[in-house]
Amino acid sequence: MADPALPAEDVPLPSLHASHAGSWLCGTDGTVRGASKGEAVMAAADTPHLILNAPLVATRLGYPDLSGLDLLELFAFVHPAVFCVPTPKGLAHALGLPEPEDGAQVPALLRKAAGVLLATCESPEWAAREGAWSVLQSLSRLRWPWAPVLAPHIARPERAEKWLFSRLPEWEDSGERPQPGQVLLGENAIHGQLTRLTGEGAEQREGQRTYAADVGKIFAPRERRDKPHVLLAQAGTGIGKTLGYLAPSSLWAEKSGGTVWVSTYTKNLQRQLRSEAARAWPDRRPDGTQPVVVRKGRENYLCLLNLEDALQGGFGGRAAVLAQLVARWAAYSQDGDMIGGDLPGWLGTLFRQRAIRSLTDQRGECIYAGCPHYRKCFIERAARASAQADLVIANHALVMVNAARGRDHAQRPTRIVFDEGHHVFDAADSTFAAALTGQEAIELKRWILGPERGSKGRRRGLAARLADVASYDEAGGAAIDAACEAAHALPGEGWIARLAENAPSGEVETLLAAVRAVTYARDESGALDAGYGIETEAAGLEGDFVERAQAAAQALAAIRTPLIKLGVRLEAMLEDPPDWLDSQGRARIEGARFSLSWRIDTLAAWEALLGRLGGPADPEFVDWLSVERNESREFDIGLHRRFLDPMKPFARVVLEPAHGVMLTSATLTDRLENGPDWPSAVAKSGAPHIEVQPRLADALSPFDYASRAEVLIVTDIKKGDLAGLAGAYARIIEASGGGVLGLFTAIRRLRAVHGRIADRLAREGLPLFAQHVDPIDTGTLVDIFRDDPHASLLGTDALRDGVDVPGRSLRCVVMEQVPWPKPSILHRARRAAHGGSAYDDAIIRGRLAQAFGRLIRSREDSGQFIVLSPAFPSRLLTAFPPGVQVVRLTLDEALQRVAAGVSYPQPVTQEDAPQ
């Protein structure tokens with residue numbers, strides 16, 4: 001990226017660095033000195049200083065109003081769509097500068113880094129020159145601190161710049177892909193393709209070859225309608241499952257002309273898949289189309305209309321600066337993906353993540369062909385590209401939504417690989433849920449009526465979006481008017497305050513007030529005093545409550561009925577179009593029909609939920625009432641419904657129309673003493689609901705866990721002893737020299753432990769980062785952790801599944817306690833239906849297995865897995881790989897073993913193939 005030989009002088013500006021280890025200031029003369037927090041704050045308040053990651057430095061200094069010249073903002077301007085680890089070490093590596101040895105050297109590094117970035121702007125080789133001058137003019141008007149510093153280094157272009165909206169390419173429509181050919185894949189052909197992907201000289205793994213051959217069977221022609229080939233394939237870490245399924249997938253796509261969907265649960269794996277897929281497919285076909293496309297939900301992509309609104313005054317202050325930097329990124333982005341794509345995750349946290357989210361389509365407000373940027377829309381481009389792709393990389397929720405609501409046949413996946421398959425149950429649970437809450441209802445009201453008076457933004461109601469339809473079609477116009485009139489029964493701004501004052505407005509708010517009262521009256525969980533949310537069963541409800549529910553259901557039906565009529569009128573208009581309806585108009589009406597269908601389905605689910613209240617229990621569903629709270633502040637209230645077994649709708653919507661489906665994971669089955677629990681895995685696959693017996697495959701990990709890992713169960717840390725817990729974490733991190741991933745089951749304990757030990761560790765050169773503490777997104781926290789073998793990271797569930805850190809950067813995993821399931825109403829119902837305590841044990845073993853899986857990611861990895869639990873049940877030990885030594889011991893004994901490391905009998909020379 002940056003040329004290390006690029007001539008650059010230190011920028012003679014004062015600089016500041018602050019960490020848990022201390023604070024340092026550098027004057028304009030280049031002299032560095034240590035400073036107290038108070039001195040650093042006073043200096044920064046008096047004169048803008050060079051800093052790196054202002055929100056993090058502000059947190060370290062305890063000065064939330066800190067501002068200055070943030071090197072990350074300058075980096076985002078000079079190198080849009082390029083990632084750098086947002087630490088002094090990461091910045092040094094990105095710019096080809098020497099890594100600072102300690103905090104005292106960081107202020108000098110910041111001056112050098114600024115010099116390199118400014119020199120880049122003067123270089124004729126600067127790849128991101130186009131548009132820089134135009135954006136800088138806008139940033140100057142916004143008084144961006146870097147603007148006057150940058151101005152002398154960016155020359156005004158001789159010609160007007162081709163910028164953003166004019167620079168972005170337009171997508172093109174193409175004909176629907178023909179049906180894929182019916183082909184059989186032979187084992188020899190699959191093994192040949194696998195050899196090509198792994199490399200001719202690579203180690204041939206028998207487990208990977210067998211796994212790939214098993215995967216190939218799901219691509220065989222289907223024998224009966226609604227009976228797909230289903231494979232459950234457990235693949236231990238190190239098998240190389242990614243290339244194992246990409247080999248038959250790419251071979252089938254080549255021979256059949258069809259599309260394979262690979263679905264993941266984490267964004268980390270999506271990035272890895274895109275990289276590995278380059279082995280099988282070129283970046284572009286000769287005709288310029290993409291054979292591999294990453295698809296995500298709409299809320300992940302930049303909305304160009306939202307961006308235009310932000311650039312034209314919709315954003316103010318710091319958010320307006322962010323909009324300009326995002327515009328700069330958008331012109332160079334690969335696909336416009338703002339969440340996990342090539343927009344650096346730290347950019348949003350520099351300006352508050354909410355501003356990033358407001359630039360995406362969070363609320364389904366897209367106007368499709370009515371948008372002036374429709375032909376350049378990142379979302380539409382990805383959707384059209386996926387219809388022509390050989391491989392679509394998506395996530396579980398999107399695959400399920402597309403299967404249920406695909407706007408055309410080309411978007412419905414029929415050959416699907418669910419990687420991280422142990423999460424398919426949870427994804428289905430969320431996808432097929434119903435929740436009538438205040439927040440959901442108010443969003444529906446905004447979609448129908450538009451923003452309330454005084455609200456900012458470009459959103460328009462249904463009447464404005466379809467004004468031409470209303471003027472042309474009398475029945476359609478009447479349906480719009482009826483829906484708008486009925487929507488006034490939904491909650492509006494200030495609804496929570498009205499409920500607290502016992503002054504609800506409208507039938508739905510009246511019902512929510514009753515939900516709130518009943519939930520508070522019945523609570524005996526203890527969560528109320530702790531500030532957490534509360535819930536109660538939707539059972540044994542009084543007649544008055546049921547009457548309010550019926551009135552709310554009638555109000556919802558009054559909205560749904562005219563929306564259905566409107567959908568019919570739009571369909572009729574497409575079948576017999578008026579003369580003025582051009583192709584863009586048709587696309588807009590198609591989009592409106594899709595949005596209508598979604599809202600009609602939602603309303604029908606809400607009515608069904610309310611219709612059951614007061615009646616006999618339906619064994620297929622679990623219903624409850626809730627008040628959502630955060631630190632004692634209410635933020636939502638509502639009624640919820642979940643399938644007792646969400647794999648039933650999954651089987652109907654996803655499996656039944658498919659031709660071949662695989663679920664694969666390293667922890668697909670529960671590990672029992674007598675081997676994998678395949679019957680439970682089959683039951684959770686959804687296959688029994690369509691009377692299909694899936695094929696089963698189990699590829700064992702080639703890693704020697706027994707000699708490279710050990711499980712230490714520490715028995716002398718008492719439950720509830722926060723000081724003892726914090727001390728244990730600190731001593732373990734010190735003994736390990738960093739490289740510790742600490743996993744917590746409660747955010748409050750995580751914050752308390754971090755607050756007690758972070759300064760102590762930093763003084764010893766051991767940085768400690770934490771979710772829910774540091775103002776950094778989770779993906780970037782993992783990048784920082786991966787980049788520094790002396791760093792440690794504390795987190796919750798997202799880190800138990802979403803961390804792939806091979807090597808010395810992760811050599812010890814510590815769990816604060818056994819990860820018991822949260823005793824919710826939904827969990828209680830499923831527990832009762834699936835074996836009681838045995839159901840709990842299976843969940844815990846799965847979580848332990850996933851957490852242990854973070855430790856050994858390659859053949860060279862080794863380390864300890866530590867549980868700080870004096871009463872760890874022996875029945876849970878089968879969660880760990882066979883042969884791994886499990887030792888119950890005191891903390892002092894555990895520290896000795898951590899300091900010594902895991903010894904292994906012989907050096908390892910084999911290289912690990914891609915996963």
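Quick look at the numbers
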| item | result |
| --- | --- |
| Residue pairs, from the table Lys684/Lys719; Lys217/Lys241; Lys296/Lys822, whose Cα atoms sit over 24 Å apart | Lys684/Lys719; Lys296/Lys822 |
| Most to least packed among 462-468, 236-242 [average Cβ atoms within 10 Å] | 236-242, 462-468 |
| Peptides ranked, highest mean first, by Cβ atoms within 10 Å: ranges 167-180, 391-404 | 391-404, 167-180 |
| Scattering profile of segment 15-162 at q = 0.14, 0.19, 0.20 Å⁻¹ [log10 I(q)/I(0), Debye over alpha-carbon scatterers] | -0.68, -1.15, -1.25 |
| For the chain, share of DSSP beta bridges that run antiparallel, in % to the nearest 5 | 40 percent |
| Residue-averaged [θ]222 nm for the chain, counting only DSSP H segments that reach four residues, each worth -39500 (n - 2.57) | -13000 deg cm²/dmol |
| For segment 705-900, Kirkwood radius (reciprocal of mean inverse C-alpha pair distance, Å) | 16.9 Å |
| Exceeding the 32 Å Cα-Cα cut-off - candidates Lys227/Lys445; Lys89/Lys267; Lys227/Lys565 | Lys227/Lys445; Lys227/Lys565 |
| Against the rule of thumb 2.2 N^0.38 Å, how large the Cα Rg of the chain comes out | 0.98 |
| Surrounding net charge for Glu485, when Lys and Arg each add one and Asp and Glu each subtract one, Cβ distance under 14 Å | +1 |
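Every read-out reported here was derived from the displayed coordinates using simple, explicitly stated rules and does not represent laboratory data. Keep in mind that what you see is a predicted model, and the values were worked out from it rather than measured. Positions of Cβ are generated from backbone atoms using ideal geometry, with glycine treated the same way; all protein chains shown enter the neighbour counts.
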